[in-house]
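Here is the structure we will look at, set down as structure tokens.
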Amino acid sequence: MIEGTRQGDRGRDALRVVVVGAGVTGLLAAIRCVLAGHRVVLLDRGPIPHPGSTSFDQHRALRALVAGDAAATSRAAPLHRRWRELDSLLRDHLPGARLYRRVGVLTALPPGEVASAAATAEATGLPIRIADPAGYPHIGFPAGSALVLEPHAGVLLADRILAAAARWLRHHPLADLRPGREVVGVLPDSGRVLLAGGPAESGDAVLVTAGPWSAALVGLPVTLHCQTMVYLRPPAELAHSWAVTPVAGGIGAGGQAWLLPPVAGTLLKISTDAVRREVPTLSDPGDQAGWAARVLSAGVVSEVDRYGVVAVRHCHYATAAGGDTGFVRVGPAVWARPASGGDGFRTAPQAVDAVVDEFAGRAAGAVAMAP
């Protein structure tokens, strides 16, 4: 939900919340907090939004279907509604732009898995339909694969969402955005946030949302990954075809690749899990041309030599044990979310709702017990 608490409750239950990191999780957490009547201090080592954050990209996919896993699909299905709500809230701060484009998501599956996907969709009430690969000759599909289309899924315009969220917060009296504040440590027991060259910050609640940097700040065990993405400009004669193309996954010669189409002025983005690698540190990946060549040779789009390579990006992100994308409580009033990257972006509203409800509930309980 994006509504705040009742006006009469705001003074009674209001907290001072310090948010560390202004990627999508930090920005949405700050919004959710001020809508609930809390005062928020949002810190980031760079500008807000920060072009160097793992959240900052042209677009991210939003889908719900996990073939064969009804529980995961049910958890993801409400994300469509939450992102529509956020789109309505934020779009006035980025005039003329819808931030969630429901272009659909195609998933290529072996024919034997289509029945499982259909059963998952039926069990969860998720609309899907079977698509014909021949309708998308510009995409490379694994030989003999079948296509499932999730029509209500689509694309989140990521960098525009970050910009709109930051503008929304700058206009809210309960939000205090502080760019250029490097956090060097968070003390879980006291909730003190240590700043480079400056006094510490503290709050009634601290949310560490610094993506792959969160682990070092609070000592959480995470796995670091590096992914290479290639941004293409399609040939002019294919512009119309790409304009009506959904997001696609499970594609390429090995079925490990995915693409996000050129939506609302963005570029075509392609990558493959074959180039996703675990890394020990947040360092330069090395051999950048080699990684990009592997993406281009993965068979993601047909006749890729006709496309112009505009940019190559090597992006770090973190995953927590068991693939958990929520917040972890690391102190009496300190929570951290190590998840980042595409899945972290997609699930950010759910993670934020859960943690804000948790600490707001604790605060209300403390007030109720006070003499």
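Any read-out appearing in this document is the output of simple, stated calculations on the displayed coordinates, not a laboratory observation. Just so we're clear, the structure is a prediction, and the values are computed from it rather than from any experiment. Note: ideal-geometry Cβ built from the backbone for every residue, glycine included; neighbour counts use all protein chains shown.
Answer with one residue from A175, G104, T347: the one whose Cα lies farthest towards the positive end of the charge dipole of the range 14-365, charges on Cβ with Lys, Arg +1 and Asp, Glu -1.
A175
How large is log10 I(q)/I(0) at q = 0.16, 0.17, 0.18 Å⁻¹ when the Debye formula is applied to the Cα atoms of the range 95-203, each weighted equally and without solvent?
Each listed q corresponds, in turn, to -0.83, -0.88, -0.93.
Once you list every other residue whose beta carbon is under 14 Å from the beta carbon of A108, what net charge do they have if Lys and Arg are +1 and Asp and Glu are -1? Could you put the intermediate results ahead of the total?
Values: positive: R63; negative: E113, D132, E150, D273.
Cβ neighbours under 14 Å give a net charge of -3.
Can you work out ³J(HN,Hα) from phi for every residue in the range 21-26, in order, using Karplus 6.51 cos²θ - 1.76 cosθ + 1.60 and θ = phi - 60°, giving whole Hz and x for Gly and Pro?
Ordered by residue, 3J(HN,Hα) equals x, 10, x, 4, 5, x Hz.
Tell me the relative contact order for the chain as a rounded percent, counting alpha carbon contacts under 8 Å between residues six or more apart. Mind showing how you got there, number by number?
On the way: 815 pairs, mean separation 83.2, N = 371.
Once divided by the residue count of the chain, the mean separation gives 22 percent.
In debye to the nearest 20, how big a dipole does the range 14-365 give about its Cα centre with +1 on each Lys and Arg Cβ and -1 on each Asp and Glu Cβ? If you can, show how the numbers build up before the last one.
Details: 32 positive and 28 negative charges, 153 e Å.
Here the range 14-365 has a charge dipole of around 740 debye.
With a ≥ b ≥ c taken as the square roots of the eigenvalues of the C-alpha gyration tensor of the range 112-158, please select rounded if a/c is under 1.5 and otherwise prolate if a/b is larger than b/c or oblate if it is not?
Details: a/c = 2.37, a/b = 1.13, b/c = 2.09.
Here the range 112-158 falls in the oblate category.
Which is the longest run of the chain containing none of the GluC sites (Glu not before Pro) found in DSSP loop states (not H, G, I, E, B) with at most 13 other C-beta atoms within 10 Å? Before the final figure, lay out each step's value.
Working: sites that count: E3, E182, E303.
The longest uninterrupted stretch comes out as 4-181.
Just going by the charge dipole of the chain, with Lys and Arg at +1 and Asp and Glu at -1 on Cβ, which of V19, A115, L187 is farthest out on the positive end?
Value: V19.
Taking the convex hull of the alpha carbon atoms in the range 14-365, what volume per residue do you get, in Å³? The partial results should precede the final answer.
Details: hull volume 47.3 nm³, N = 352.
Dividing the Cα hull volume of the range 14-365 by its residue count gives 134 Å³.
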